[in-house]
1. Quick one: dipole size for the protein assembly as shown, taken about the Cα centre, charges +1 on Lys/Arg Cβ and -1 on Asp/Glu Cβ, in debye to the nearest 20.
2. Straight-line reach from A:Lys221: which aspartates and glutamates fall under 14 Å, measuring Cα to Cα and dropping same-chain residues less than 8 apart?
3. Check each of the trypsin sites (Lys or Arg not before Pro) in the stretch A:240-297 and keep only those in coil by DSSP with at most 13 other C-beta atoms within 10 angstrom; list them in order.
4. Let me make sure I get this right: for the stretch B:160-305, a, b and c are the square roots of the gyration tensor eigenvalues over alpha carbons, sorted descending. Under 1.5 in a/c it's rounded, otherwise prolate if a/b > b/c, else oblate. Which is it?
5. How far is it, in nm, from the label point at B:Lys197 to the one at B:Glu18 when both lie 7 Å from their Cα along the line to the Cβ?
6. What GluC sites (Glu not before Pro) does the stretch B:85-183 have in DSSP loop regions with at most 12 other beta carbons within 10 Å?
7. Under a crude label model (7 Å from the Cα following the beta-carbon direction), how far is B:Glu115 from A:Lys267 in nanometres?
8. Only loop residues by DSSP count here, and only those with at most 12 other Cβ atoms within 10 Å; note down the trypsin sites (Lys or Arg not before Pro) in the stretch A:169-198 that meet that.
Amino acid sequence: MIPHIENLPTLGLGASLSLSAQPDPVKLVEAAGGPHFVEYAGLVDVDQVIDEVQRIRDAGVPVLFHPSYINFCGSYANSEAWLKATAEHIKTVDSAWFAQDCAYCFWEEGPGYSSQLGYFIPPIFNKASLDNAIRRVKEVQAIIPTTVAIEPPPVSFVAGTMPLFSYFGQIAEAADCAILLDMGHLVSYEMASGKRVREAMNALPCERVVEIHIAGGRLKKGEHGPIYIDAHESSILEQTWTMLEDMLPELPNVKAVCYECEGVDEKNVLSTLKRLRKLLRELSWSKALVAKLEDLA
Amino acid sequence: MSFKEQERALFDLLFDSELRNEFCRHAANALDSYELTKEEKADFSTIRPDALLLDAKMRRNILLSHICRAFPVSFAIISSLSEGNSLLKKLVDTQIMRTPSLERATAFGSRLRDELSQTSFESTNEQTLVIAIVEAELAMAWTAATLKREVLKSGHPPGSSVAVSSDCMGKPVKLAAYVGAAILPLSYVELKRIFCKVADSELWNHISQSPVTKSLRRSTLQKEDPRLLVMRARIEHMSLCEPTVDHQTVELSEGFAQLFQHVNGSISVEQILTHLQEAGATEQILKGVSAGFQQLFDAGMLEAL
């Protein structure tokens, strides 16, 4: 029992969307079978997004802020100004928790969005990196006014030999934070490392997993096997659905499942949410989540 | 034994193509120059070379699509040169990636200009015109970076421009802060219309698949209708983390460029007009010059002292 995680609100089945692009978040929220919450990857300054966010909240659903500029790993510390702006952002939009990929978003040259490196650079999976990651998470927790959750990032290659769930499990325990698991990212790790994530299942503190992501992806042919590419506008791969089916019965405390569907048309979003709803009812071990789905049905 | 050294190696594998290629050929020895223990080096043995190559390629494409937004016309024209896109890709290296993001566009543009000065063109004139375009966009990147740096340092936006006074023409005049100027072979608006057929955010993807044709480059640059582009960087969104900047621009006839050297805070526009009159300028020219200066005052690009 971890009270600050246990007590987080159950949000149900949501969608991650671009605030100013199609599909329109409000239109989706108002559709029958639409998302129960909206997650967005916004800019650090809340005044840049507040009008769009308020439209969604006025439609009657909560939002989760899920950016890509925090270093949750590595030796390069986060800027206090950026963390303070993040705290203000979270407070203003009332994000129930704060989750982001645990990867490098910036290097020693200074803070910024992960796009300045192209996209996330994955952490090195070893003990020294683990110690740095714990330091980074605590640094964020010191300023952020809500529960922090770390997410294994998408990887096309893996450096280091520590199993994924050992690495993230130890950070979560040491920093007392929550975990977000993206099913596609887990598939990407398996393809990049040749290891099955479930081989280290006992290293994952399952009760700390509060959120699940599922999104489209593409496979590129590599000399040594397929390489997973995170591609939210694409269809969800069968391997990703299978990963979800395998993981759902292991996770008792999931509060939110989010379909990341930026760039997907509304009809496909709604049909995927329908498939997800059915799967969650059948397989999720999170009683609160299943009850929420029934309530909101 | 150092984790920082491992981080340095990881960064270099992503952005140093020579190291990456060597790693893909001989993973065991490629990292010998890094101060890594046997165990630390072994952490890199788990990297799939094919995946590393793909990752680096995709990463470079995303980075170029970002940098392209600061140099849309330059990128489009360079795509029409043989090996033009390769030149742009080559510049995304550790030197550029080690440059703070605030200064990265400026650093990229400077190196691009230097590379172009050593690239063979169909004629020297064409080379001069292409470099002029790069320099104009570089001036915009530079004024934007300077303004952002100032804002982040001071924590507040620069003071708003002083209202234009009715007697501004009679006072010594200087360029306002964050203002740059460059001569272009054609109007910038026209160059963008001709070369950039999609939004700036989509341009790199577009030109890397469908480069601008040589004939379009040739025919456009042959039109030569030179303009003085004057740009002023302005804060679009104030932030203590990520201020954003846009540019206000004014385009004037090329002849105006010569008058700009006198805009140094020592003489007034009226004095400049008097000198021109004494040199035999017609009434029509004087009216045009006066209107041009008034336009720059109105845009906040000039300050009367």
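Nothing in this text is a laboratory measurement; each read-out follows from the coordinates by a stated rule. These numbers come from a predicted model, not from an experiment. Cβ atoms come from the backbone with ideal geometry, glycine included; neighbour counts cover every protein chain shown.
1. 600 debye
2. Of all the aspartates and glutamates, those that pass the test against A:Lys221 - Cα under 14 Å, at least 8 places apart if same chain - are B:Asp50, B:Asp55.
3. Working: sites: A:Lys255, A:Lys267, A:Lys274, A:Arg275, A:Arg277, A:Lys278, A:Arg281, A:Lys287, A:Lys292; in loops: A:Lys255.
Filter output for the stretch A:240-297: empty list.
4. oblate
5. Taking the simple label geometry, B:Lys197 and B:Glu18 are separated by 3.8 nm.
6. Loop-located and lightly packed - B:Glu122.
7. 4.4 nm
8. none
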